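Undergrad: This is the structure I want to talk about, given as structure tokens.
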Ligand SMILES: [Cu+2]
């Protein structure tokens, strides 16, 4: 009547059978995780020569903006290091597929200044523009002179969520029609292997498989620079890079 012993045997067999395929799958996953690209390039963007002056901005047209003393952001050099340079992988064996991030990139309008001024975007990724100011802005985006959007932003308005519809290689110019000194740049890639330099001029790109790469640096007023690098295996997967702009090359 009682058939539990054979059932127990069946259960044990079933568990063993599952383990028989689960173990290789688990090992495979471990191997795959181990094989994830770990190459890294850490670098610095240098400005050689005397940095250009940063004149004080005249912002008296808007009393709110005039409260904050601001200077030209065209070229910001701190102890020989250049800010606002987007450095990206231009060519190289990046893994595919490369889906665009679900979270949007964000630019804030704060003290009548776009923060950050240069931002990287993945094709298909949305861009959020916030107004943290107690004044009115008008967010005007163009791609190669073609209108992408034109949106007012009043104080305390909810964030604008914009879908630029941009492609890799595009640069979205973001300007404010009310405050002519406001200008931001969203630079578009089809991958996430990019970074923007802060005041220390440094950048870091991670997750690079071994291989030959071309890095490209882009600055809104100083233009592009390229550098070939080689990512090796193991300890040779961590490389350093140095890109430079020179005062005497400025137009
Ligand atoms: Cu504005």
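The values are calculated or read from the model by the stated rules, or taken from the named source; none is laboratory data. Fair warning: this is a prediction, and the values are worked out from it, not measured in the lab. Here the Cβ is made from the backbone with ideal geometry for all residues, glycine too, and neighbour counts use every protein chain on show.
Undergrad: So, of the residues in the range 236-251 that are more than 21 Å from the chain's Cα centre (by Cα) and within 14 Å of residue 207 (Cα to Cα), which turns out to be surrounded by the fewest Cβ atoms within 10 Å (Cβ to Cβ)?
TA: 236
Undergrad: Kindly establish whether residue 143 is surrounded by 12 or more Cβ atoms within 10 Å (Cβ to Cβ), on the phi < 0 side of the Ramachandran plot, in the same structural domain as residue 125 (by TED's automatic domain parsing) and within 11 Å of the ligand (Cβ to nearest atom).
TA: It is false that residue 143 is surrounded by 12 or more Cβ atoms within 10 Å (Cβ to Cβ), on the phi < 0 side of the Ramachandran plot, in the same structural domain as residue 125 (by TED's automatic domain parsing) and within 11 Å of the ligand (Cβ to nearest atom).
Undergrad: Which condition breaks for residue 192 when tested against (1) surrounded by 15 or more Cβ atoms within 10 Å (Cβ to Cβ); (2) in a loop (DSSP other than H, G, I, E, B); (3) within 16 Å of the ligand (Cβ to nearest atom)?
TA: Single failed check for residue 192: (3).
Undergrad: May I ask you to list the residues in the range 195-214 that are closer than 23 Å to residue 111 by Cα and either within 16 Å of the ligand (Cβ to nearest atom) or assigned to a loop (DSSP other than H, G, I, E, B) (or both)?
TA: 197, 198, 199, 200 - these are the residues of the range 195-214 that are closer than 23 Å to residue 111 by Cα and either within 16 Å of the ligand (Cβ to nearest atom) or assigned to a loop (DSSP other than H, G, I, E, B) (or both).
Residue-by-condition table, conditions (1) more than 30 Å from residue 37 (Cβ to Cβ); (2) part of a loop (DSSP other than H, G, I, E, B); (3) out of contact with any helix residue (DSSP H, G or I) (no Cβ under 7 Å at 6 or more places or on another chain):
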| position | (1), (2), (3) |
| --- | --- |
| 148 | yes, no, yes |
| 152 | yes, no, yes |
| 156 | yes, yes, yes |
| 172 | no, no, yes |
| 228 | no, no, yes |
| 251 | yes, yes, yes |
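Undergrad: Same structure, new question: Which one of these is within 16 Å of the ligand (Cβ to nearest atom) and either out of contact with any helix residue (DSSP H, G or I) (no Cβ under 8 Å at 6 or more places or on another chain) or on the phi > 0 side of the Ramachandran plot (or both): 108, 84?
TA: 108 is the lone residue from the list that is within 16 Å of the ligand (Cβ to nearest atom) and either out of contact with any helix residue (DSSP H, G or I) (no Cβ under 8 Å at 6 or more places or on another chain) or on the phi > 0 side of the Ramachandran plot (or both).
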